[in-house]
Amino acid sequence: MRAASLVALLAIWLLGLSPAWCQEAASQVGGGRDDSVPELFVFDFYADWCASCVDVVRIVRKAEQRFAGRVKIIRVDIDEPRNRAFVKEVGVLAVPTLIVVNREGDRLKTLVGARQGQILDIVLQTLLPDSPPGQEPVLENAAEHPAMQPVLLK
């Protein structure tokens, strides 16, 4: 599924925003970007019964504070009836799952499990390399971290 439709579903379904905002967010390609639209969206798929999700939400909230204004976190309860079709369409099979999407709607990274959630700061630092002034990087050369390397399945 193209993430532009993720952004549209996010805007209409989860946040109750107008379709005009979705189209504007999805069309922010190239120059003339609207700074009110975050650069990245992180969909945090969770369930109330999931103990690992409690650990991940702390990490996600810290990341949202660290990258304030540049990253928008959207928490999606997989057990909520109104979210089930969205969860199925996106292909979430386990929780916690974090899906990072840019404002153009491209899915950039999917992190499944609490251990993967712990690397969210590294992922965001890599995708947003120009951190605000005075902010220490989480990890030097984050793009070279093993978590950012593609996984080859046999």
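Derivation of every value follows stated rules applied to the coordinates shown; laboratory data play no part. Quantities reported herein were computed from a predicted structural model and do not represent experimental measurements. Glycine gets a Cβ as well: all are built from the backbone with ideal geometry, and neighbour counts include every protein chain shown.
Going by C-beta contacts inside 10 Å, put Asp48, Asp130, Asp121 in order with the fewest on the left.
Asp130, Asp48, Asp121
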So how do Thr126, Thr97, Thr110 line up by other beta-carbon neighbours within 10 Å, fewest first? Thr110, Thr126, Thr97
Residues Arg66, Arg103, sorted so that the one with the fewest Cβ neighbours within 10 Å comes first: Arg66, Arg103
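Please state the relative contact order of the range 47-115 as a whole percent: Cα pairs under 8 Å, 6+ residues apart?
Relative contact order of the range 47-115: 33 percent.
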